[in-house]
Amino acid sequence: MGKRRISELVADDNSDDKLTKEERRAAKKARKEAKEAKRAQNSRVNGSEGTSAVTNDVQQDEQAQKTARKAARRAEKKRLRELAKSGGTGNDTTAASSKITSVATSAIPSQAESLATTPEPTTDGLPPYSEHPELRELPQVEIDSFLREKLITVDDPRPSSRPLRPIMKFSYLPVADEAQRAPFASFSSPTPIQAATWPALFSGRDMVGVAETGSGKTLAFGVPCIRYIKSLPKKQQKGVKAVIVSPTRELASQIHEQLVKLATPANLETVCVYGGVPKEPQANALRKAHIVVATPGRLNDLIGDGYADLSKAAYVVLDEADRMLDKGFEEAIRQIIECTPRKRQTVMFTATWPQSVRELASTFMQSPVRIIVGDNPTGELRANNRIKQIVEVMDGHDKQYRLNQLLRQYQSGKNRDDRILVFCLYKKEATRIEDFIRQKQFRVAGIHGDLSQEKRTASLEAFKRGTTPILVATDVAARGLDIPNVKVVINVTFPLTSEDYVHRIGRTGRAGQDGLAITFFTEHDKAHSGALINVLKAANQDVPEELFKFGTTVKKKSHDAYGAFVKDVDMTKKATKISFD
């Protein structure tokens, strides 16, 4: 056995650069003790007569391993003592302390291998979740009936002999503070997505929730978020502990508005950051924030500028994940995730379950529970069956005349204050249609990309309050916005994809109510006829005969950058070397 230097078994000076002052001191002390042990060995060897060189090597190696083990145990015990004093999750100290331990125990393969395991979702610091006694005593037949009735499908890669039961009543929530229950006062019972996801999230599991927009997803991830932060000791509650990422400014604002209702009774600060407004006020707000709701671009900007620190944000939510991927935010999401702790709880909500979302989940999540709500267990895109869809095939010049007729029909008498959402494809078209509706003496507002953030927010708030019952919008408002009681959706121009069509009409028929969606379809939209026919048939809707004349072929989905000629390439595959003679 060759002779080893003990200092190699402990650590080298370069490893200190990434450690804290306390951890550098511990590593330095371990190296000092190793050197002393080496000197002691040398003195014993020099004073020994008749001892062979092989024996010396064995003794030195055994002593080196013993010293390394002591150094590792000493560093680990110190970390555990500090953790016991603070009572924290250990997320912020695990990575740093493992640097000392793994370096110090490099001569001990079993310990080194155990430290190199795949990161798991953090449950450290979470109070243990136990089911409410009443929920625990319910017969399994009643639980199974609830899951069938609410169309809930649970796919858990870690099957248990007794799966977690859905929280069917607010009284079953593990929330002791009555002030934190106040936001639920106006609801009779949890929505299906809330009832199904809460047990997994309270248990600290990674989770993917697939459900239609408007199903109560914000409270589904919001309540466990508040509970997690409040479970930390007060000293560890400082700083950003949770981050929620959403695709649009409007959706981020909406999530923030809902979370404030939960966070305020818990004395927690929530901040919303998005582009289109100055950074400085957002940067100042981040200093006191516990929860950050953000769009990917602005959050990465603030991280790059040093204003946002996510190193202790162990609760991460990706809302409308499929939409973020459609908008090209995958790389931005990866950058955000890299700034969060190695051990974290990652939650993803999506309206659909395409391959791109599955790959994203497999990258960032550890054995996630997949929960699907609806009569679509595969998670494929499908329109809400409660929405009556009417497709009117017409000449493009007749759109404004027909729009005026519909507005007078659905904005008269007792329906005068009913909310109507009018969708256009382009910003200039939205401005033109808004002006046309205003000329016809209707109360109307607009929301699209050419408007300032202040005007967009004002228009959206006026529409929510009902003071302006008609809102003209581009697809920026088509996804995720919780606008209650939208009675009618009118698509003046068909969107670019059938997915966007489903998300547009999904603004009505929410929270168990019925809705109506009317779509103008012209020859210019004929490339989408096949996909639209499939959507109508899947939802058991009538398909107009005029639509069939455009054909039933489904156009191949095109790439945002490469059009219809994109080729899927495995970027992980190494290039093939070609040699020419």
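Given the conditions (1) polar (S, T, N, Q); (2) within 16 Å of residue 273 (Cα to Cα); (3) out of contact with any strand residue (DSSP E or B) (no Cβ under 8 Å at 6 or more places or on another chain), which single one is not true for residue 335?
(2)
Which number in (1) touching a helix residue (DSSP H, G or I) at 6+ places or on another chain (Cβ under 9 Å); (2) over 19 Å from residue 353 (Cβ atoms) marks the one condition that residue 217 misses?
Of (1) touching a helix residue (DSSP H, G or I) at 6+ places or on another chain (Cβ under 9 Å); (2) over 19 Å from residue 353 (Cβ atoms), only one is false for residue 217: (2).
In the stretch 543-581, what residues are among the aromatic types (Phe, Trp, Tyr), assigned to a loop (DSSP other than H, G, I, E, B) and at pLDDT 85 or above?
550
Tell me yes or no: at least one residue of the stretch 198-213 is crowded, with 20+ Cβ neighbours inside 10 Å, without any contact (Cβ under 8 Å) to a residue 40 or more places away in the chain and in the same structural domain as residue 270 (by TED's automatic domain parsing). Even if it seems obvious, please write down each step before you answer.
Here is the first cut: in the stretch 198-213, the ones crowded, with 20+ Cβ neighbours inside 10 Å are 198-202, 204-213.
Filter once more, so that each one left must be without any contact (Cβ under 8 Å) to a residue 40 or more places away in the chain: 198.
Now restrict to residues that are in the same structural domain as residue 270 (by TED's automatic domain parsing): 198.
Looking for residues that are crowded, with 20+ Cβ neighbours inside 10 Å, without any contact (Cβ under 8 Å) to a residue 40 or more places away in the chain and in the same structural domain as residue 270 (by TED's automatic domain parsing), one finds at least one in the stretch 198-213, hence yes.
Quick one: which residue in 422, 391 is under 21 Å from residue 532 (Cβ atoms) and in contact with a Pro (Cβ under 6 Å, 6 or more places away or on another chain)?
Numbers: 422 fails: in contact with a Pro (Cβ under 6 Å, 6 or more places away or on another chain).
391 is the lone residue from the list that is under 21 Å from residue 532 (Cβ atoms) and in contact with a Pro (Cβ under 6 Å, 6 or more places away or on another chain).
What about residue 507, is it of a type in the set (D, E, K, R), within 30 Å of residue 257 (Cβ to Cβ), at pLDDT below 65 and surrounded by 13 or more Cβ atoms within 10 Å (Cβ to Cβ)? Working first, answer last.
On the way: of a type in the set (D, E, K, R): yes; within 30 Å of residue 257 (Cβ to Cβ): yes; at pLDDT below 65: no; surrounded by 13 or more Cβ atoms within 10 Å (Cβ to Cβ): yes.
Taking the combined requirement at face value, the residue does not satisfy it.
From the list 194, 180, 140, exactly one residue is buried (at least 17 other Cβ atoms within 10 Å of the Cβ), in the same structural domain as residue 262 (by TED's automatic domain parsing) and over 23 Å from residue 376 (Cβ atoms). Which is it?
On the way: 194 fails: over 23 Å from residue 376 (Cβ atoms); 140 fails: buried (at least 17 other Cβ atoms within 10 Å of the Cβ).
On inspection, the qualifying residue turns out to be 180.
Each row is one residue, and each column tells you yes or no for (1) part of a loop (DSSP other than H, G, I, E, B); (2) of a type in the set (Lys, Arg); (3) surrounded by fewer than 21 Cβ atoms within 10 Å (Cβ to Cβ); (4) under 13 Å from the mean Cα position of the chain (by Cα).
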position	(1), (2), (3), (4)
349	no, no, no, yes
356	no, no, yes, no
371	no, no, no, no
392	no, no, yes, no
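When both residues are 6+ apart or on different chains and their Cβ atoms are under 7 Å apart, which pairs have a first residue that lies in the stretch 120-140 and is closer than 15 Å to residue 168 by Cα, and a second that is among the aromatic types (Phe, Trp, Tyr) and modelled with pLDDT of 85 or more?
The qualifying pairs are 132/172; 134/172; 135/172.
What pairs come up if the first residue lies in the stretch 503-515 and is hydroxyl-bearing (Ser, Thr, Tyr), the second is buried (at least 20 other Cβ atoms within 10 Å of the Cβ) and in a loop (DSSP other than H, G, I, E, B), and their beta carbons are under 9 Å apart, counting only those six or more places apart or on different chains?
508/384
Give 154, 141, 175 a once-over and let me know the one that is β-branched (Val, Ile, Thr) and closer than 21 Å to residue 372 by Cβ.
On inspection, the qualifying residue turns out to be 154.
Please enumerate the residues belonging to the stretch 125-163 that are assigned to a loop (DSSP other than H, G, I, E, B) and among the hydrophobic types (A, V, I, L, M, F, W, C).
Residues satisfying the conditions are 126, 138, 151.
Looking at (1) at pLDDT below 75; (2) over 30 Å from residue 353 (Cβ atoms), which one does residue 181 not meet, given that it meets all the others?
Result: residue 181 fails condition (1) only.
Looking at residue 421, is it in a strand (DSSP E or B), in the same structural domain as residue 533 (by TED's automatic domain parsing) and not hydroxyl-bearing (Ser, Thr, Tyr)? Give the derivation first.
Values: in a strand (DSSP E or B): yes; in the same structural domain as residue 533 (by TED's automatic domain parsing): yes; not hydroxyl-bearing (Ser, Thr, Tyr): yes.
Judged against the criteria, residue 421 is a match.
What is the one condition in (1) under 30 Å from residue 219 (Cα atoms); (2) among the hydroxyl-bearing types (Ser, Thr, Tyr); (3) surrounded by fewer than 14 Cβ atoms within 10 Å (Cβ to Cβ) that residue 457 does not satisfy?
It fails just one condition, (3).
Report the residue count in the stretch 148-170 for those that are touching a residue at least 40 places away in the same chain (Cβ under 8 Å) and within 19 Å of residue 211 (Cα to Cα).
Result for the stretch 148-170: 7.
The values are calculated or read from the model by the stated rules, or taken from the named source; none is laboratory data. Small disclaimer: the values here were computed from a predicted structure and weren't measured. Quick reminder, even Gly has a Cβ in these numbers, built from the backbone with ideal geometry, and neighbours come from all protein chains shown.
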